[in-house]
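The values are calculated or read from the model by the stated rules, or taken from the named source; none is laboratory data. None of these values were measured; they are calculated from a predicted model. All Cβ positions, even for glycine, are placed from backbone atoms using ideal geometry, and neighbour counts span all protein chains on display.
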Amino acid sequence: IMGRKTYESIGRLLPGRTTVIVTRQPGYRVPGALIAHSLDAALAACEGDEEVFVIGGGELYRAALPVADRIYLTTVDAEPEGDTFMPEMDPADWRETSAQSFSADDRHRYAYRFSVYERIRH
């Protein structure tokens, strides 16, 4: 599940998965994608799927955080300019179950950390 602006910034469907684009624009179409007009409608379109990923943007992150059971979070060691960020997570609600840190290298300009969090309370 991604917002329209996130889809347009990627510029293509991601291979090997169902893509649901959330937009308020009536008549918005993308061949090969499902279109929803709310997070609830997008989640309903994914009913029966084992796992559903919300990959942005900011409005969808904020809407999805209260209903998420697991978070896959990449934290990049940089301070980029931008206007879309993951909302703050209440540490009382989440437990980090795994984490891996990676150094900057030829493929990655910045060091980063990949963490998995499981919800411990709703």
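Is it the case, given these coordinates, that Glu79 is assigned by TED's automatic domain parsing to the domain that holds Phe114 and free of Cβ contacts under 8 Å to residues at least 12 places away in the same chain? Full working, then the answer.
On the way: assigned by TED's automatic domain parsing to the domain that holds Phe114: yes; free of Cβ contacts under 8 Å to residues at least 12 places away in the same chain: yes.
Yes; evaluated as a whole, the condition is true for this residue.
Find all pairs meeting these conditions: Cβ atoms under 9 angstrom apart; at least six residues apart or on different chains; first residue within segment 32-56 and under 26 Å from Val116 (Cβ atoms); second residue of a type in the set (D, E, K, R).
Between residues of segment 32-56 that are under 26 Å from Val116 (Cβ atoms) and residues that are of a type in the set (D, E, K, R), the close pairs are Leu39/Glu59; Glu51/Arg70; Phe53/Arg17; Gly56/Lys5.
Just one of (1) surrounded by 15 or more Cβ atoms within 10 Å (Cβ to Cβ); (2) without any contact (Cβ under 8 Å) to a residue 12 or more places away in the chain; (3) among the β-branched types (Val, Ile, Thr) trips up Val22, so point out which.
(2)
Restricted to segment 57-74, and to residues that are of a type in the set (Val, Ile, Thr) and loosely packed, with under 14 Cβ neighbours inside 10 Å, which residue is farthest from Glu118 (Cα to Cα)?
Going through the qualifying residues, I end up with Thr74.
Can you pull out every residue in segment 28-52 that is within 15 Å of the chain's Cα centre (by Cα) and surrounded by 14 or more Cβ atoms within 10 Å (Cβ to Cβ)?
Residues satisfying the conditions are Leu39, Ala42, Leu43, Cys46, Val52.
Counting only residues that are under 20 Å from Ile55 (Cα atoms) and of a type in the set (A, V, I, L, M), which one in segment 86-118 is surrounded by the fewest Cβ atoms within 10 Å (Cβ to Cβ)?
For segment 86-118, the residue satisfying everything is Ala99.
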